[in-house]
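Before any comments, here is the structure.
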Amino acid sequence: MTTPGDRPKPSLREILRARPWLMTGWIALLLALPVVWKLRRKAEELPVMRQLPAFTLTAQDERPYGLGDLRGHVWVANFFFTSCPFSCPRLTRHMERVQEALRAEGDAVRLVSFSVDPEVDTPARLREYATRYHADARWKFLTGPAPDVQRVSQEGFQVAMEIAAPDASARPSNFNILHGEHIMLIDAQGRIRGYYRADAEGLARITRDARRLVRD
């Protein structure tokens, strides 16, 4: 007498022959996987916000530096000025953390800090500031004529920048300089791909997104 436990187990072929709808389900699943993967990749893609216009300013080493030097590199940018007593030290420390977090990417990722106070922030002053924040060769601090910097900020990054003075002959104090406080991510084609806050969550997001752009 044969008990149920003694019966040989049916093979996969026999199971599928007896239940052909199972094969149909597996085929449908396999066909759907590429579509699901494509949709997932699309959802993960960063938006292209705008193309930056060409610019050339002066770096802390007194050499011209601009968008052409950044072609082919993912880069991270911010606006600051060296005499700022409030948000700028926090922003620059955050850029220093970004530099460290992306060190493994090498020269594939660069950093650029634009001074919004070019009257004070000479290349020599920017060199000292860069040293204070342990900037390596990937990190440039740029200065130049105020209208040129303002064009990069307002027309390029769509970030507010204003230098207000009591009258045309008076030198504005650093309390009268307004600039954006976000960190920006730019791809290798010079297109803005994201704006990030200078906090722990912003650091995690920009690090992840910069690596994604390098891979892509």
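The values are calculated or read from the model by the stated rules, or taken from the named source; none is laboratory data. Because the structure is predicted, anything quoted here is derived from the model rather than measured. Cβ sites come from the backbone with ideal geometry, for glycine too, and all protein chains shown count toward neighbours. Remember, those area values only see protein heavy atoms, side chains included, never the ligands or the DNA or RNA. Shrake-Rupley method; radii C 1.70, N 1.55, O 1.52, S 1.80 Å.
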- Message: Test of understanding: what is the full-extension gain from Ala200 to Thr56, defined as 0.36 nm times their sequence separation minus their Cα-Cα distance?
- Response: 48.7 nm
- Amide H contacts of Trp139 (H built 1.01 Å from N, under 5 Å, at least 5 apart or other chain): Leu111
- Item | Other-chain or far-sequence residues with amide H under 5 Å of Phe114's (modelled H) | Asn78, Phe79, Phe80, Leu142
- Got a sec to turn the phi values of region 94-101 into Karplus ³J(HN,Hα) couplings, 6.51 cos²θ - 1.76 cosθ + 1.60 with θ = phi - 60°, whole Hz, x for Gly and Pro? 5, 4, 4, 5, 4, 4, 5, 5
- What FRET efficiency comes out for the pair His182/Val214, r = Cβ-Cβ distance, R0 = 30 Å, nearest 0.05? 0.90
- Message: For region 76-148, what does the accessible surface come to per residue with a 1.4 Å probe? Please give it in Å².
- Response: 39 Å²
